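We did not get these values from a lab; they are worked out from the coordinates using the rules stated. Please read these numbers as outputs of a predicted model, since none were measured by experiment.
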Amino acid sequence: MSLQIEKLILYSRRDDIREVQFRTGGLNIITGASKTGKSAIIDIIDYCTGRGDCNVAAGVIRNCVGWYALLFELGSGQIFVARRNPEPGERTSGDIYMERGSDIKTPPKSALFKNTTVAAVESFLGAAIGISENEHRPPAPTRDPLEANFRHALLLSLQDQNDIDSKQRLFHRQGEDFISQALKDTLPYFLGAIDEDRLLKQAQLDQAKRQLRQLERQLRETETLDDTTFPRARALLDEAKQVGLIDERTTAVTYEAVLAILRGIAGQTRIREDLLVGDGEDVLAGLRAERQGLRTELEGVNAEIRTTRTFTFETSGYEREAKEQRARLSAVGLIKSDGHDASYCPLCESRLATPAPTITHIEQSLRDLREQLEAVEAENPRLQMRLAALQREEAELENHLRENQQRIAARMRENEILRVQQDSFILRARTTGKISQYVETADTTGSGSALETAVEAARARIAALERELDTETTQEKLNTFLNIIGGYMTAYSDGLELEHQGSQLRLDIRNLTVVADTLEGPVALFRMGSGENWVGYHVLAHLALHKWFRQKNRPVPGFIIFDQPSQAHYPPEHDADGSIDALADEDQTAVLRLFKLIADAAADLAPNLQIIVMDHADLKKDWFERAVIERWRKGERIEKLVPLNWTE
């Protein structure tokens, strides 16, 4: 049972769905022209399975896709994982959806939402492929222990177009910070050189070493226990008197009497209540918070008092002005009639340049002014009452603040006393601990031989566990497995015309490279020439590794993805609708040999291994035709990974 990819799914921002259907347990080839989206497949798989950043290239795919998704097959079950495409300007998204079942239908985009976390998906996929609890501990404490996980396993299944023709890097992302060391640390686990129960045995060894240290300490204390003058026992008795654990008048002459008193102290099962000290800092913090609240409240009341006084002052000014105006207008009462001509003065009857208001108008103004004055005079008592209430509230708050300050000062004094009591409590507890340890050691003095027996048993247990965890044993297993894998690589190389053909090949996991052992000495990949060799050794190394993984049912995804394996002979600029007829005969032969090796390996390891290849080449061979799942070229039913109508 291995994890394989059944579908790659894209959801457009307009709710369209694009599915790429893969065949599990065999060879899948996507052939097509440049810039059709072939290389994005590895980045999409990497992102959906937990990579931090989305490395899908900026352009049509990033602009048109809303969610990426994968449908995995694992035995009779399925796992659906979808992750939101980051918004423009963003590098990642934490929105991820996961579903498990036996017959999962592609859900609509409206059904996708965040129902888990990226870390949870990574952990679940690791458990699904069988990664058990593990831990690599470096021989020197120069770096933290490392646990192999799904992300480490995935590095062994991906070969993008920059990986596959590199003479410096054998594995995906090997050149990135920390990735190279992580591969070196986790490969022995994935190869099976480390036992599945190693972590349990390591924990048992750690516990056995702790127990041995404790037993050895007890044995040393037993061997150096008090002589006939028992100075340590008497010193502990004096210390118990000083800290108040026993009465200062307590005396003991013999060792047995002193030991009996010390046993009594050590045997107390509970701490005396008078030794329990509370923490007054919480109370003090509460009082300070109360003071801040009172100050805030007082500031609000003071602000309202100022506002009320200002309003009262302005109202009084208005009242004075209005009364003066009313007195001036009251003179209209001297005029008895309103029948005069407004253009003449009603007193001297001379013609006015500007007609004066009529008596009716003046009387109306006077009535309006009286009403306004009555309203102001009616409001004044209420303002005074409000002001008085605010002043009373101000006085109460100031009184509360004084009381609060007094309580803070009192609590600070009490806290100082509590600190002294706490120091005394700590001293008593420390002394009690020393006495308990002494009494425990004294009680085992008569059983020194039993302690020695326990120490010997603990040492034997540690020795047995160390033999089981022996790094030399692990290294021997690892070397054996690597020799077998090297044999697979050598056999695969017979189908390719590579440099150093006929030499024994091996995988050097210390330097993460392929080495050919020749008559002149070892030749590492980075010392070999030509892109044909680099691509060829990448392909056969990964085929050999996955043959081992599948034979041993190791917890590694059951797929390999190769991107552009023909690039050394058939670069994109020479693409002629996938035909290799224009290539030189030796290049045509090399491309055919490489694809035939991949096809034969897929058939040999079916149904446990799935191989996915993206390439420009489109070979006119029956076995190649049967493996093609999509062609992305103009005139085909599907021309690109992203349908053309998504960009309209």
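Report the relative contact order of segment 556-648, percent, no decimals, based on alpha-carbon pairs under 8 angstrom and at least 6 residues apart.
Once divided by the residue count of segment 556-648, the mean separation gives 37 percent.
Along segment 58-71, what does the Karplus equation 6.51 cos²θ - 1.76 cosθ + 1.60 (θ = phi - 60°) give for ³J(HN,Hα), rounded to whole Hz, x for Gly and Pro?
4, x, 4, 5, 5, 7, 9, 8, x, 9, 9, 8, 10, 10
If the cut-off is a Cα-Cα distance under 21 Å, which lysines reach Lys241, setting aside same-chain residues fewer than 8 apart in sequence?
Counting by Cα, and skipping residues close in sequence, Lys241 has these lysines nearby: Lys434.
So which of Lys7/Lys640; Lys38/Lys634; Lys7/Lys621; Lys596/Lys620; Lys7/Lys109; Lys35/Lys640 end up more than 19 Å apart, counting from Cα to Cα?
Listed pairs above 19 Å: Lys7/Lys621.
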